[in-house]
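Presented below is the structure to which this report refers.
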Amino acid sequence: MIEVFFQFEFLRYSLFTGLMIGILAPAIGVFLVVRRLSLMADALSHITLTGIAFSLLLGRTVPFFAALNPVYMGMLFSVVGSLAVDRLGHVYRYYKELAIPIILSSGIGIGVVFISLADGFNNDLFNYLFGSVIAVSQADFYLVLALLFAVSLFIILFYKELLFLSFDEEQAIVSGLPRSFLHLSFMIVTAVVIGVSMQIVGILLVSALMTLPVAAAMRLADSFKQMLMYSIVIGEISVLAGMFSAFHLDLAPGGTIVMTNLLILTIIIMFTKSD
Amino acid sequence: MANEKRSFAVEVTNVSFAYDQQNVLEDIQMNISKGSFLGLVGPNGSGKSTLIKLMLGLLKPDSGEIKLFGTDIKHFEQWNKIGFVSQKANSFNSGFPATVFEVVSMGLYGKVGLFRFLSKKDKQKVKETIAQVGMSEYEKTNIGNLSGGQQQRVFIARALVSSPDLLILDEPTVGVDQQSVANFYYMLEKLNRESGITLILVTHDVGAMTDYVTDVACLNKCLHFHGGSDDFAENKDSMMSKMYGHDVHLLEHNHDHHDHDHSHDHDHAGRSADD
């Protein structure tokens with residue numbers, strides 16, 4: 001069953017890319033969840049869709065964009081979206097959560113217009129929405145590999161600052177941590193991770209891989225470090241199981257990955273007492 | 001001149017502050033000597049917390065100036081010299097997955113600085129500080145599983161771990177039972193006596209703290225009294241009625257009055273004045 005992933009080169013790239021995303025998404029998700037920003041992943045993934053649709057639309061008239069991987073444009077939109085969320089947070093100081101539906105619905109709204117203008121829904125787009133086991137190219141693989149290093153470095157270097165800021169923002173500022181810099185760079189990293197993760201899990205389900213493993217790990221962990229580790233382990237298990245079943249049953253991997261996550265989460269909720 | 005300056009931990013000169021149009025603090029003038037243990041008292045909504053936030057640089061005064069250890073707060077950089085324990089209910093989400101050890105370590109993050117990790121010596125210091133507040137057996141316990149009084153000890157440890165010269169506590173005993181409060185005040189007094197740390201304790205519980213502090217300041221928009229605790233005890237009744245505008249024995253013993261919700265502060269001030 002597993003051998004097939006090693007027989008074909010393109011499947012090998014998908015598998016390794018999936019495994020890397022299984023580390024990246026929950027690792028960033030842990031910080032999103034404890035900062036009460038779980039929905040941010042949803043907002044940013046929807047704005048990523050806008051970028052992808054925009055790139056596909058441009059590709060129809062400008063040859064340069066036809067050759068360019070739409071993921072880059074998706075990532076760019078996602079980063080701009082994260083900056084917009086931050087800006088809106090200042091505008092609505094007492095209703096910060098409003099920024100999320102504003103960005104989310106703008107993302108879908110503008111995205112749908114671009115999609116209609118391009119040529120409606122096609123197979124490519126379906127892959128972007130729900131993920132694909134076979135859409136990963138060698139170039140995608142190297143991009144995710146580079147990001148895995150960059151994001152890991154970011155988390156290792158700023159682990160203690162991000163943790164402090166999540167736990168107690170006021171105290172963190174008092175002890176002199178550069179809040180704005182950390183917040184902004186964290187949002188940009190989140191946006192980039194969402195941009196690359198959607199290749200495997202799909203735009204609509206990226207946020208699931210960022211939050212469900214964390215939701216499960218939270219019920220098991222006593223320390224923050226444990227929660228980070230457990231989240232990654234659960235993320236990896238669900239990516240593996242999800243990708244194998246997706247390939248063999250000819251299903252969209254986004255769905256099977258989320259279902260595996262859901263199964264793990266349900267079991268953990270059943271066997272841990274709520275406090 | 002230099003020596004004279006060095007003898008004050010905090011110098012507040014002609015400071016005024018207003019939220020929107022509402023004056024909260026008017027022309028505050030107060031110098032806090034190094035090594036003193038100051039009880040800052042006043043009714044709800046009297047501007048105590050605002051004054052603290054100004055001293056911590058979380059808010060900027062509309063007029064006047066504040067100096068910390070002789071340095072204008074605008075240029076002050078040694079934030080690790082200052083510890084802060086805020087009202088627990090406001091600053092901390094009790095579902096956060098972190099152990100006592102992790103939480104106390106956070107107190108060193110500002111001092112350790114960016115791109116550095118905690119050394120063996122730092123970790124030793126964390127353990128010692130946890131022992132100092134009598135929480136050693138809970139080192140690996142999730143902070144959410146502790147009682148209110150225990151959590152507050154952990155937050156004190158976090159503030160103490162960087163060996164600050166000034167420790168500010170904003171109503172640290174809200175939601176903590178009476179017996180723990182007495183132990184807590186005793187612990188603070190001992191700290192002040194033995195390690196010479198300057199303490200500012202903000203409270204609206206006038207009765208209990210007078211036995212432990214060296215100085216008292218009474219605040220209600222303006223500074224009504226600032227002097228030794230003996231002086232304060234002698235003139236307490238006249239001082240209190242001047243500040244609250246009526247006899248306040250009622251408030252001293254009324255612990256139901258503790259309220260976590262700050263937005264009602266002004267309400268409360270009004271109500272207690274009518275009592």
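The values are calculated or read from the model by the stated rules, or taken from the named source; none is laboratory data. Being a predicted model, the structure only gives us computed values, none of them experimental. Backbone-built Cβ (ideal geometry, glycine too); neighbour counts: all protein chains shown.
Tell me whether segment A:125-134 contains one or more residues that are more than 14 Å from chain B (Cβ to nearest Cβ), under 19 Å from A:VAL189 (Cα atoms) and in contact (Cβ under 8 Å) with a residue 40 or more places away in the chain. Looking through segment A:125-134, none of the residues is more than 14 Å from chain B (Cβ to nearest Cβ), under 19 Å from A:VAL189 (Cα atoms) and in contact (Cβ under 8 Å) with a residue 40 or more places away in the chain.
Mind checking which residues of segment B:144-164 are within 14 Å of chain A (Cβ to nearest Cβ) and in contact with a Ser or Thr (Cβ under 7 Å, 6 or more places away or on another chain)? Within segment B:144-164, B:GLY144, B:ALA157, B:LEU160, B:VAL161 meet the criteria.
Looking at this structure, is B:PHE17 of a type outside the set (Ser, Thr, Tyr), surrounded by fewer than 23 Cβ atoms within 10 Å (Cβ to Cβ) and touching a Leu at 6+ places or on another chain (Cβ under 7 Å)? In short, yes. Identify the single condition in (1) buried (at least 20 other Cβ atoms within 10 Å of the Cβ); (2) at pLDDT 85 or above; (3) in contact with a Leu (Cβ under 8 Å, 6 or more places away or on another chain); (4) more than 21 Å from B:LEU188 (Cα to Cα) that B:MET30 does not satisfy, given that it satisfies every other one. It fails just one condition, (1). Might you check whether a residue that is without any contact (Cβ under 8 Å) to a residue 12 or more places away in the chain and within 14 Å of another protein chain (Cβ to nearest Cβ) occurs anywhere in segment A:86-108? Yes, the conditions are met somewhere in segment A:86-108. Among the residues of segment A:200-228, the one identified as touching an Asp or Glu at 6+ places or on another chain (Cβ under 6 Å) and more than 14 Å from chain B (Cβ to nearest Cβ) is A:SER207. Within segment B:165-198, the residues that satisfy the criterion of being closer than 17 Å to B:GLY42 by Cα and of a type in the set (A, V, I, L, M, F, W, C) are B:ILE168, B:LEU169, B:VAL174. When B:GLY57, B:GLY39, B:GLY35 are checked against the criterion of being within 30 Å of B:ASP211 (Cβ to Cβ) and in a loop (DSSP other than H, G, I, E, B), B:GLY35 stands alone in meeting it. The residue list A:ILE110, A:ILE103 contains one member that is in contact with a His (Cβ under 8 Å, 6 or more places away or on another chain) and more than 30 Å from A:HIS248 (Cα to Cα), which is A:ILE103. Just one of the numbered conditions (1) closer than 24 Å to B:ALA9 by Cβ; (2) within 10 Å of chain A (Cβ to nearest Cβ); (3) of a type in the set (Phe, Trp, Tyr) is not true of B:PHE101: (1). Scanning segment B:108-140 for residues that are under 26 Å from the mean Cα position of the chain (by Cα) and within 13 Å of another protein chain (Cβ to nearest Cβ) gives B:LEU108, B:TYR109, B:GLY110, B:LYS111, B:VAL112, B:GLY113, B:ASP122, B:LYS123, B:VAL126, B:TYR138, B:GLU139.
Within segment B:64-89, being in a strand (DSSP E or B) and either facing chain A (nearest Cβ under 9 Å) or among the hydrophobic types (A, V, I, L, M, F, W, C) (or both) holds for B:ILE66, B:LEU68, B:ILE82, B:GLY83, B:PHE84, B:VAL85. One residue alone among B:LEU118, B:LEU108, B:LEU54 is touching a Pro at 6+ places or on another chain (Cβ under 7 Å) and either within 20 Å of A:PHE224 (Cβ to Cβ) or not aromatic (Phe, Trp, Tyr) (or both), and that residue is B:LEU54. Does A:ILE257 satisfy being touching a helix residue (DSSP H, G or I) at 6+ places or on another chain (Cβ under 9 Å) and under 30 Å from B:LEU146 (Cβ atoms)? No, not satisfied.
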